[in-house]
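Taking it in order: structure first as structure tokens, then the write-up.
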Amino acid sequence: MRFAAIDSGSNTFRLLIADSTDSGIRPWKIIHYGHCITRLGEGLHHSGQLSQAGMDRAIDTYREFAAALAKYQVKPEHTLACATAAVREAGNGLEFTQQVKQETGIQIQIIDGETEAAWSLCGANAVLDAETGKDMLLFDIGGGSTEFIRALGTTQVDAISRKLGVVKLFEAHLHSDPPSKRDYQAILAAADEHLAIVENHWDDHQPPAHLVGTAGTVTTLAATAMGLTDYDAEKINNYHLSRQSFFALRDRLLAMNHAERAAIPSIEAGRADLIIAGLAITEAIMLRWNYEQLVTVDASLLEGIWLKVCKHNI
């Protein structure tokens with residue numbers, strides 16, 4: 001059967017159309033994949049509202065997704081579209097979803113941070129090496145929030161979502177290009193305040209053995225570290241980025257201005273400024289809990305949404 005998932009993030013929108021399968025290493029056979037950086041959450045940090053420009057970009061993307069759903073003949077009941085931090089926090093978020101339904105026919109479900117974390121874990125586990133997943137901290141950096149999930153295999157120990165996103169940090173703290181030491185340290189400090197709350201959320205205050213990262217920031221860092229010119233999800237999945245390699249990459253990116261970062265083939269258009277905020281979140285995590293390496297996976301919430309709609313209909 002054919003199913004579709006839409007992840008409407010604060011920064012990036014993604015669409016996965018796939019057939020369910022019982023054979024092979026993955027439970028899906030990809031028919032179509034689409035994504036677009038919409039920056040829906042742009043300005044939300046200051047105004048508390050989704051901007052008109054952000055909503056216009058988002059609706060244009062939904063129109064493209066609706067056309068793909070029609071082209072590949074995905075039934076409405078086999079489609080699940082979800083929105084995360086930007087829409088759930090914005091004063092006009094519900095109004096926006098109603099406009100999307102009216103103009104594109106796509107019905108959006110606003111999910112809370114705990115659901116987002118749980119579904120991200122399901123998606124990541126579908127591609128993650130089982131040994132790594134036995135005892136891991138999975139983090140999923142988004143435009144408006146970051147989810148932290150401690151897991152033992154497919155069992156979630158606990159999860160917490162923090163309003164720690166790359167768009168928010170960029171707008172609040174980055175005022176120079178290339179990034180000044182002061183600006184970068186301000187992002188690190190802001191991130192660490194959230195991490196202290198995450199740690200206090202853990203009953204035993206103990207980080208798991210393995211650190212696993214997913215979503216656009218982490219996959220972009222992995223692709224850049226590997227020097228990929230053409231993105232390859234299978235190379236990203238289960239890639240081990242050492243602490244030494246991470247800091248070398250950090251120093252390289254911080255020395256560049258926006259135009260120089262944008263010229264790197266692995267950094268897609270619209271991410272060259274936000275990658276600095278994502279870099280700082282990742283560094284803060286590695287430093288606070290003293291991880292020697294980061295394992296990366298390409299699958300997360302989008303695939304978790306797909307698994308959810310697939311399970312519901314089979």
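Could you tell me whether residue 231 is touching a residue at least 60 places away in the same chain (Cβ under 8 Å), assigned by TED's automatic domain parsing to the domain that holds residue 288 and of a type in the set (Phe, Trp, Tyr)? Judged against the criteria, residue 231 is not a match. With respect to residue 73, is the statement that it is over 25 Å from residue 141 (Cβ atoms), assigned to a helix (DSSP H, G or I) and either out of contact with any strand residue (DSSP E or B) (no Cβ under 6 Å at 6 or more places or on another chain) or not assigned by TED's automatic domain parsing to the domain that holds residue 163 (or both) true? Spelling it out, it is not the case that residue 73 is over 25 Å from residue 141 (Cβ atoms), assigned to a helix (DSSP H, G or I) and either out of contact with any strand residue (DSSP E or B) (no Cβ under 6 Å at 6 or more places or on another chain) or not assigned by TED's automatic domain parsing to the domain that holds residue 163 (or both). Taken together, the residues in segment 243-289 that are within 16 Å of residue 167 (Cβ to Cβ), in contact with a helix residue (DSSP H, G or I) (Cβ under 8 Å, 6 or more places away or on another chain) and among the small types (Gly, Ala, Ser) amount to 5.
How many of the residues making up segment 55-90 are polar (S, T, N, Q), out of contact with any Leu (no Cβ under 7 Å at 6 or more places or on another chain) and at pLDDT 95 or above?
2
Counting residues in segment 110-128 that are touching a Lys or Arg at 6+ places or on another chain (Cβ under 7 Å) and over 30 Å from residue 284 (Cα atoms) gives zero.
Considering only residues in segment 71-119 that are among the hydroxyl-bearing types (Ser, Thr, Tyr) and under 22 Å from the mean Cα position of the chain (by Cα), the one that is farthest from residue 60 (Cα to Cα) turns out to be 115.
Taken over segment 234-246, the residue count meeting the criterion of being within 15 Å of residue 287 (Cβ to Cβ) and touching a residue at least 24 places away in the same chain (Cβ under 8 Å) is 4.
Residues that are crowded, with 24+ Cβ neighbours inside 10 Å and not aromatic (Phe, Trp, Tyr) occur in segment 259-274; there is at least one.
The number of residues in segment 65-90 that are charged (D, E, K, R), free of Cβ contacts under 8 Å to residues at least 60 places away in the same chain and surrounded by 14 or more Cβ atoms within 10 Å (Cβ to Cβ) comes to 1.
Screening residue 308 on (1) in contact with a Cys (Cβ under 8 Å, 6 or more places away or on another chain); (2) buried (at least 23 other Cβ atoms within 10 Å of the Cβ) shows it passes everything except condition (2). Consider residue 154 carefully, then state whether it is in the same structural domain as residue 12 (by TED's automatic domain parsing) and either within 20 Å of the chain's Cα centre (by Cα) or closer than 27 Å to residue 17 by Cα (or both). For residue 154, the condition - in the same structural domain as residue 12 (by TED's automatic domain parsing) and either within 20 Å of the chain's Cα centre (by Cα) or closer than 27 Å to residue 17 by Cα (or both) - is not met.
The values are calculated or read from the model by the stated rules, or taken from the named source; none is laboratory data. As the structure is a computational prediction, the values presented were derived from the model and not from experiment. Don't worry about glycine lacking a Cβ; one is built from the backbone with ideal geometry, like all the others, and counts go over all protein chains shown.
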